[in-house]
Amino acid sequence: DTAVSQTPKYLVTQMGNDKSIKCEQNLGHDTMYWYKQDSKKFLKIMFSYNNKELIINETVPNRFSPKSPDKAHLNLHINSLELGDSAVYFCASSQGGPEKLFFGSGTQLSVL
Amino acid sequence: RKEVEQDPGPFNVPEGATVAFNCTYSNSASQSFFWYRQDCRKEPKLLMSVYSSGNEDGRFTAQLNRASQYISLLIRDSKLSDSATYLCVVKAGTASKLTFGTGTRLQVTL
């Protein structure tokens, strides 16, 4: 069983479109995250939710809106996609602190 | 200055070699340190935590130097399967997030 699963694995879309990425974890963790890894492989946190409450919101354009319907799910909706949004987006989860993160396999987003 | 800096490599080493990576961090309030491994086109996975006294896990040894603000990872008897990018990761104090370095790429060859 996959511990942290995210869909889709690949997402190719046009500039200006709206898209969503879904994430689910079956580890019973209380904290979930979205990370962005750019073309230079720099992995940067975007958001963190603890028990459905937003606890970290880095400097991310408000076109990005996370939603956590329950502590096992954290989705990411992106409005008005731009070329610079092209990256790999990783969902992750942890129990308690962020020390041991379990990552999903990533969503490769390509904006054309 | 980046919060966490690593030599991007690549480090090309033959099988059986010993290789070491260093990483420096800028925030003196950093409390927790880790090495994550990321295979090509895969997600990062925790390799090991780094303790003040240094720690070893099989062929891997991690060390922390708080005075100079750097951590190191030593891999002995390199295997082909060790080829990956090694990410240095730092957590500052009570922060609820990790800060990742951009990674050091290791390529082990026959």
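So in the stretch A:93-112, with the set limited to residues that are outside any loop (DSSP other than H, G, I, E, B) and in contact with a helix residue (DSSP H, G or I) (Cβ under 9 Å, 6 or more places away or on another chain), which one is surrounded by the most Cβ atoms within 10 Å (Cβ to Cβ)?
Once the filter is applied, the top-ranked residue is A:LEU109.
I need the full set of residues from the stretch B:75-97 which are of a type in the set (Lys, Arg) and under 29 Å from A:TYR33 (Cα atoms), in order please.
Answer for the stretch B:75-97, where residues must be of a type in the set (Lys, Arg) and under 29 Å from A:TYR33 (Cα atoms): B:LYS91, B:LYS97.
How many residues are more than 14 Å from chain A (Cβ to nearest Cβ), surrounded by 16 or more Cβ atoms within 10 Å (Cβ to Cβ) and not polar (S, T, N, Q) when one looks only at the stretch B:24-54?
Qualifying residue count, the stretch B:24-54: 1.
Restricting to the stretch B:70-84, give me the number of residues that are in contact (Cβ under 8 Å) with a residue 60 or more places away in the chain and either closer than 25 Å to A:MET46 by Cβ or small (Gly, Ala, Ser) (or both).
Matching residues across the stretch B:70-84 total 1.
Sort out which residues of the stretch B:29-85 are part of a loop (DSSP other than H, G, I, E, B) and either β-branched (Val, Ile, Thr) or closer than 23 Å to A:SER5 by Cα (or both), and write them in order of number.
If the condition is that a residue be part of a loop (DSSP other than H, G, I, E, B) and either β-branched (Val, Ile, Thr) or closer than 23 Å to A:SER5 by Cα (or both), then B:ASP39, B:CYS40, B:ARG41, B:LYS42, B:GLU43 are the ones that fit.
Step by step: first the residues of the stretch B:1-18, then only those that are exposed (fewer than 14 other Cβ atoms within 10 Å of the Cβ) and assigned to a strand (DSSP E or B), then the one that is farthest from the chain's Cα centre (by Cα). Which residue is that?
B:PRO14
No value in this document is a laboratory result; all are computed from the given coordinates. Note that this is a predicted model, so its numbers are computed, not measured. Using ideal geometry, Cβ is built from the backbone for each residue, glycine included, and neighbour counts are taken over all protein chains shown.
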